[in-house]
Every structure is written in C-alpha cells, then in structure tokens.
Amino acid sequence: MKKALITVLIAVITLNFFCNGIALAVNEQFDNPDDNVISQNESKEDLLNEELPDAPSPTGTAYILYDAQSDTVLMGREIDSQINPATCTIVMTVLLALENLDLEDTITIDQSMYIGIPEGFETLGLTEGEEVTVKDMIFGALLKSANDACLALAIKISGSESGFCSLMNTRASELGCNATNFVTCYGISNTGACNTSSARDMAIILNECCEHEDFKDIATTFQHTMPPTNLYPDSRTMSNANRFISTQEYSYDYYIGGKTGYADGAGYTQVAASEKNGRRLIAVILGATSNETRYRDTIDLFEYGYSAFTTVMIEPSEFTPVYNETINQINGALLDTKLSVMSAEMEFSSYLTTTAYRTAQGSSNSVDLSQVMIDVNADEQSFEIPILKTYADGKSYIVGVLHLEIAIKDKIVSVNPTKTTPWTRVKNVLITFAGIVVLTLILVIALLVFRKNRRRRYDEEFRNKNKML
C-alpha cells in the first residue's frame, strides 16, 4: 500500500431500522453538510427557521418559548434584543436569596431597605428595626412585587443594593446570560436608570429559579399571611397578583411559577414556566401591549409548545448496531495495513427536540465517516466522528460523537496483560526444568516396570517348557 494519506472510508454507514438493513454507499447529503446536517449547537435554535403551521404570534417587542429539558429555543422573536424586563427582575433577586440565605433567616430592617423607593411603588410598609424572615420577604417580592422586600433581601446578602447588583450580574454571566445588566434589584433605580435583559436571558434565569422547589411553592401560592413582627402588631396579607393563580379566566393547570412586570416605556412583561409530563417549558414576553394579552399569549405558547414539538431522550443502546457495523467496517478497511481500532466510545446529548410531525415520520441512525482520513504511516491517531439521527424529510441532527482511536496492531494490548519480571522468567525456567525431571522419572519408572514384566513372562515361559520336557 502506498505511503501517503488515503481515504480509508469512502462510505457512510446508514442503519435504517424501518428497512431492517444496512446500506453501504456514498450519501449525497454530505456533499454540502451545512444544508442538511444540524450540529448539536445549531439544534438549540434551528427550530426558529421552521415554518410552523398555525403557530401563535404573540404581541410585544420580543418573546421566546424555551424547552428547558433539551435547552432548545422552540419559537421566538428578537430573543437576544436588550429590553427592560421591568419587575420581572425580581426573579433574579429571589434566585440569589434562595441560593444564599435560609428561609428562616432573620432580617433586621434599616432605612436603606426602603428609603429611595419612588412614591406609588409597591411596598410592605417595613419600618426601621423591624425583624422579618427571608421567607416572608420572598413572598412579598413574588406575590406583591414589594420593593422594600427586594431591598431587604439584597442588602441582607450583599450589604448594599449596588453590591447586590454586582452579584446579580456575576450570577447572570455564570448562567450564560449575555444581554443582561442589572442596576437595581427590583426594576428601577433612584436615578431612573433601568435594567436590561433579553427574552432568552430571562428564560434562563427563570428556569434556574424553577430548580428550587421553594420558588415554585411560593410563586404558586394564592395568598400568604405574614405574622405580626416585633414592631408591627398586625398580620400582613399578601394576595398573588399573578392572574395564572388569582383568576379562573387565566388559570393554567401546568403553571409552576413566574413573575409579571410593567414599566413606562417597557410595557407589560411576563416570565412564566409550565411543566407537563416531566417536560418544562419557559415562556417570556417583553413589551406586551396589554395586561390581558400577555396571559393569553403565554397560554397559547405553552399549548402549542406541548402539541407541535416533541422532546425525546437519546438512548445510547439505540445506536449499538450502527456502532458495531462502523467498527467492523473500519477494521475491515484497515485489514491490510499495520493499523487497527484501539478504542471507540460514543458520547451523546441527553435530549433532542424537533417538531412532532417530523418525529412521527420516523428516523434512522448513522455515523458520518465522510470526512475520516486515516494516515497509514502514523502510529497513533484519533477522530471525533459525528453520530446522526436522520428523519424522513432528510433533516439530520448530530446527536453524539464517536471518539475513535486508531493505532498500530503491535501496540494494541489485551485488557489484562500479564506483567513480566525477572522473577517471572526464573520461575518459568524452574517450572520447565521441574517438568522435564518429572517426565524423565516417569519414563524411567515406566521402563523399569516394562523390563520387570518382560522378565517375569520370560521366566514363566521357561518353566512351562521344562514341565513339557
């Protein structure tokens, strides 16, 4: 074989479970892979390019419908545009409170926790020296949008609102929010400056909140009564202002938590999460035209998301046949070379989301070997080979990677090789010598027995002849 780079594999192995057979041929889809093959990163937003029948079109500046299970954007408009989220900001304040405080922790109120809140903004009427719990402040923040409750949580954690905003921005960055900047913990600053975020970022933040059961329990509470404190003799009743909880008209069975907001110039905003059959969807609407519209649009998004899209778990065992065929094909192509497959391991995404219609048409699995070039002169080389799921309409998603290592045959060792030492060699010599001695003794003994038996037969024959004479 010539010493040069050769294309060892010129075929794409396609295992089609509907045909119950394996086709070995060059697949035309790889002539221009970008047109038909969707990478694992691209699949997170590829559905935005779909033309979906009867899809809802929410009003507002921006919106997103996000599948948390597969980290996939199902629908959206202006999903990364920087927009004021208004009091939806509070979900980030509550997230940090849940991550950094105990619900039964006590907060002693000081003037910095309520001085400066613009007149007319929602508050609980907290006073200096009053002792309250973190849990009651979270209830006040989520159910009533109480700005003094937000400040109490922020200053308890960071000592100042500005310090807390730095923490908010750091945490947002850790979560992958790239269009977010917080300057206040509740939606507006003393100077009139406002927070900025995006529909995508707010969906990410709300999804992280929903990882806390306390958040879901509090956000879906119809009414909460805050007991009297050391300075306030009466209880405070907080009713949930969110119409998903407070009204029958906009009640939604699968709603698990969220927040609404409004600000001049920002319009009506809403972040909401739902969960059905273990599948969580997040809907965010920014700049809605009316209070009622955002609720109806959100419900429409949820209903469409559950009916028009399907999220499936990627089962590694489903790809075992195509894996075995791929390894056999590679080793077969390398049969007349010094190389062979040393190790092979598959790694998959956890979930894949696509349209329900496409899923219903069925799919086949394959490994894309079209770009694999093996250098027959190299002792060792490795490859990252895409594993594909292809649907009947020709759309292919990369759902995993085959990590392949190829090496010269002499370097491929058994799973449990025997370790050789000087003592091992001496022991082997001694065992061999002992075996020869034992065999020699057996041979000598057998020869002596044979001679003895032969002499006895000779004597008997001699005596019998004498008797006859």
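If you line up the Cα atoms of the stretch 78-117 on their principal axes, what length do they span on each, largest first, in Å?
Sorted largest first, the three principal extents are 42, 26, 10 Å.
If every alpha-carbon in the stretch 160-200 counts as one equal scatterer, what log10 I(q)/I(0) does Debye give at q = 0.17 1/Å?
Cα-only, vacuum Debye calculation for the stretch 160-200: -0.41.
Pairs LYS44/LYS216; LYS389/LYS409; LYS44/LYS259; LYS44/LYS389: which exceed 21 Å Cα-Cα?
From LYS44/LYS216; LYS389/LYS409; LYS44/LYS259; LYS44/LYS389, over 21 Å: LYS44/LYS216; LYS389/LYS409; LYS44/LYS259.
Per residue and in Å³, how big is the convex hull formed by the alpha-carbon atoms of the stretch 102-184?
Spread over its residues, the Cα hull of the stretch 102-184 gives 101 Å³ apiece.
Treating the angle as unsigned and between 0 and 90°, give the value, to the nearest 10°, between the Cα long axis of helix 320-333 and the longest Cα principal axis of the chain.
50 degrees
With r defined as the distance between the Cβ atoms of ASP214 and ARG296 and R0 fixed at 41 Å, what FRET efficiency is calculated, to the nearest 0.05?
Efficiency for this residue pair is about 0.90.
Check cross-link reach from LYS144 to the aspartates and glutamates: straight Cα distance under 13 Å, and skip same-chain residues fewer than eight apart.
GLU122, ASP136
Give me, ordered by chain and number, the residues 5 or more places off ILE83 or on other chains with an amide H under 5 Å from its own placed amide H.
Long-range HN contacts for ILE83: SER197, SER198.
At a 1.4 Å probe, what is the % contribution of carbon and sulfur to the accessible area of the chain?
Exposed carbon and sulfur together represent 51 percent of the surface.
Report the label-to-label distance for ALA241 and THR170 in nanometres (one decimal), using points 7 Å from each Cα along the Cα→Cβ vector.
In this crude spin-label approximation the distance works out to 3.0 nm.
Enter the angle in degrees (range 0 to 90, nearest 10) between the Cα long axis of helix 90-100 and the first principal axis of the Cα atoms of the chain, meaning the one along which they spread out most.
Taking Cα atoms only, the helix is inclined about 50 degrees.
Given the stretch 28-145, report the % of alpha carbon pairs whose separation exceeds 25 Å.
Tail fraction, whole percent: 50.
Which listed residue (LEU101, ASN277, SER145) has the Cα farthest towards the positive end of the charge dipole for the chain, taking +1 on Lys and Arg C-beta and -1 on Asp and Glu C-beta about the Cα centre?
It is ASN277.
Calculate for the chain the 222 nm mean residue ellipticity that helices alone would give, adding -39,500 (n - 2.57) per DSSP H run of length 4 or more and normalising by residue count, nearest 500 deg cm²/dmol.
After summing the helix terms and dividing by residue count, I get -11000 deg cm²/dmol.
Between VAL312 and GLN371, what is 0.36 nm times their sequence separation minus the Cα-Cα distance? Round to one decimal in nm.
Stretched out fully, the VAL312 to GLN371 stretch lengthens by 18.4 nm.
Consider just the alpha-carbon atoms of the stretch 284-369 and return their Rg together with their Dmax, both in angstrom.
My reading of the Cα-based Rg and Dmax gives 22.1, 73 Å.
Gap in Å between the Cα centre of the stretch 172-206 and the Cα centre of the stretch 355-409?
Here the answer is 40 Å between Cα centres.
Can you give me the angle between helix 147-158 and the longest principal axis of the chain, using Cα atoms only, in degrees from 0 to 90, rounded to the nearest 10?
Computed tilt is about 50 degrees.
Dividing the convex hull volume of the Cα atoms of the stretch 254-310 by its residue count, what figure in Å³ per residue is obtained?
66 Å³
With viscosity set to 0.890 mPa s and temperature to 25 °C, compute the Stokes-Einstein D of the stretch 115-243, Rh being the Kirkwood radius across alpha carbon pairs; µm²/s, no decimals.
157 µm²/s
Compute the Rg to Rh ratio over the chain from the alpha carbon atoms, using the Kirkwood formula for Rh, and round to two decimal places.
On the Cα set of the chain, Rg over Rh gives 1.33.
The values are calculated or read from the model by the stated rules, or taken from the named source; none is laboratory data. Source: prediction; values computed, not measured. Note that we place each Cβ from the backbone using ideal geometry, even for glycine, and neighbour counts take in every protein chain shown. Heads up: the accessible areas ignore ligands, DNA and RNA and are worked out on the full protein's heavy atoms, side chains in. Shrake-Rupley method; radii C 1.70, N 1.55, O 1.52, S 1.80 Å.
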